[in-house]
Structures are given as C-alpha cells and as structure tokens.
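Engineer: Can you keep this structure in mind? I'll have questions shortly.
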Amino acid sequence: MTKGKSVGERISNIRQLKDISREELADRCQFTLEVLTKIEEDAVIPSLGHLIKISRVLGVRLGTFLDDADQLGPVISRKGVNKPSASFSNKNSEARVNLDFHALASDKSGRHMEPLIVQIKPSERKDYLLSSHEGEEFIYVLEGEIEVTYGKENHKLAVGDSIYYDSVVEHHIHTHADKPATILAVVYAPY
C-alpha cells in the first residue's frame with residue numbers, strides 16, 4: 001500500500017472523517033465491535049467480504065482501502081516493478097493467512113474493478129471456510145493449480161484455466177496438491 005497506511009488505518013480515518021463511531025460502523029456492517037476494533041487496529045487480517053461490507057457502509061470503493069488513487073488516465077503495471085502487497089484472509093482471519101494480493105491498478109482513481117495478482121500458499125488446514133460478498137470475480141490461473149469451492153461444487157483449475165462467478169454464492173480459493181499457485185483475479189464489488 002502506498003504512503004505507509006495500513007488497511008486498518010485507512011478504515012479508521014475514513015470512518016472518523018464521515019463522523020461515524022466505531023460502534024455504529026460495526027452495527028451497520030453486522031460485525032461485533034471486537035471484530036471491527038481488531039480490523040482497525042490491524043490485529044487481524046480482514047476478509048475480502050468484510051472489506052466489501054465496510055466499503056459499502058462508508059460509501060467508498062473497495063480500492064480505497066488498498067491505495068491512495070489519484071490518476072485519472074490509464075495505469076500501467078510493469079513486469080518486475082513490484083508494488084506493495086496486502087494480505088487478506090477468509091472469514092476466520094487467524095486461520096487464513098495464505099493469500100497475498102498485489103494490486104495492478106492501485107493508482108487508478110474511480111475504478112470499479114480490482115485487478116490483482118494473488119499468490120496462494122498451501123494451507124495446513126483443510127476445513128475451508130466459505131466466503132460470500134456482493135459482486136463478481138474472474139480468476140485466471142498463471143502458475144500452479146488451484147481448487148475453487150463454489151457452493152457445493154469443487155472445480156480444479158490448472159495454468160491457463162479460468163472461472164467467472166457471482167461472489168454472492170459462498171466460495172473459497174485454495175491451492176491444489178499443497179503446492180503454491182499464482183492467479184490473476186479481477187474483483188467487481190458494487191458500492
């Protein structure tokens with residue numbers, strides 16, 4: 001993330017700018033106060049679903065928590081030029097620290113999609129907690145193999161395979177065969 005602000009700091013700053021108490025934001029997001037406090041204080045890694053709920057209640061786009069976007073024209077990401085990454089979890093943040101997200105368009109202001117390179121590490125836990133949130137996702141496998149649990153179905157994808165789905169259906173993405181994988185993910189979350 002640019003300018004050294006964490007996701008939690010950005011959420012807290014926007015909440016305060018909008019004169020919303022932590023209790024009110026937690027209530028409107030249907031979180032416990034404890035969960036929101038941990039997110040704002042960076043004590044847990046928030047799930048993508050949590051961030052989408054927070055962005056909707058605060059009236060900002062999802063990318064606001066990942067960047068300090070100010071570019072109106074096109075944004076180019078160059079191979080070998082690494083941007084800071086953010087880690088997110090699934091619903092159980094203590095058990096889900098296996099995804100590293102690298103934003104590809106963090107400098108683009110007003111965007112409606114979040115293109116990301118996601119590095120997925122194998123997880124020792126196999127009791128995957130499914131997540132759901134508003135929007136749509138497109139996943140394209142760049143390296144390795146992944147498994148996408150979508151509702152009651154499991155889909156194995158290899159290099160060159162892709163999947164496009166409605167995020168409102170409970171889902172989970174994880175590695176297949178306990179080997180790391182890299183995907184291109186494009187997330188659309190309306191706000």
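Quick note: the coordinates plus some simple rules give every number you see, no bench work behind them. Since the model is a prediction, treat every value here as computed from it, not as a measurement. Quick reminder, even Gly has a Cβ in these numbers, built from the backbone with ideal geometry, and neighbours come from all protein chains shown.
Engineer: Just in region 92-191: which GluC sites (Glu not before Pro) are loop by DSSP and have at most 12 other Cβ atoms within 10 Å? Mind dumping the intermediate values first?
Structural biologist: Details: sites: Glu94, Glu124, Glu134, Glu136, Glu137, Glu143, Glu145, Glu147, Glu153, Glu170; in loops: Glu94, Glu124, Glu134, Glu145, Glu170.
Counting only loop positions with at most 12 other Cβ atoms within 10 Å, the GluC sites (Glu not before Pro) in region 92-191 are Glu94, Glu124.
Engineer: How many nm separate the modelled label positions at Ala177 and Leu142, each set 7 Å beyond the Cα in the direction of the Cβ?
Structural biologist: The answer from the label model is 2.0 nm.
Engineer: At most 14 other Cβ atoms within 10 Å and a DSSP loop assignment: could you name the trypsin sites (Lys or Arg not before Pro) in region 97-191 that fit?
Structural biologist: Qualifying residues, ordered by number: Arg125, Lys126, Lys152.
Engineer: Considering only Cα-Cα distances, which of the following residue pairs are longer than 24 Å: Lys53/Lys108; Lys121/Lys156; Lys108/Lys179; Lys38/Lys152? Don't jump to the answer; show the numbers that get you there.
Structural biologist: Values: Lys53/Lys108 21 Å; Lys121/Lys156 16 Å; Lys108/Lys179 33 Å; Lys38/Lys152 31 Å.
Cα-Cα > 24 Å for Lys108/Lys179; Lys38/Lys152; rest within.
Engineer: Between Val159 and Asp100, what is 0.36 nm times their sequence separation minus the Cα-Cα distance? Round to one decimal in nm. All intermediate terms of the calculation are to be shown ahead of the outcome.
Structural biologist: On the way: separation 59, 0.36 × 59 = 21.24 nm, distance 1.85 nm.
Separation in residues times 0.36 nm, less the Cα-Cα distance, equals 19.4 nm.
Engineer: What is the Cα radius of gyration of region 7-66 over 2.2 N^0.38 Å, N being its residue count?
Structural biologist: Values: Rg = 9.8 Å, N = 60, 2.2 N^0.38 = 10.4 Å.
Cα-based Rg divided by the globular estimate yields 0.94.
Engineer: Moving on to the next point. Fully extended, how many nm does the chain gain between Glu34 and Leu184 (0.36 nm per residue separation, minus their Cα-Cα distance)? If you can, show how the numbers build up before the last one.
Structural biologist: Details: separation 150, 0.36 × 150 = 54.00 nm, distance 3.27 nm.
Full-extension gain reported as 50.7 nm.
Engineer: Measuring from label point to label point, each 7 Å out along Cα→Cβ, what is the Val60 to Val168 span in nm?
Structural biologist: 2.6 nm
Engineer: Moving on to the next point. Modelling each spin label as a point 7 Å along the Cα-to-Cβ direction, I'd like the His112/Ser6 distance in nm, to one decimal.
Structural biologist: 3.4 nm
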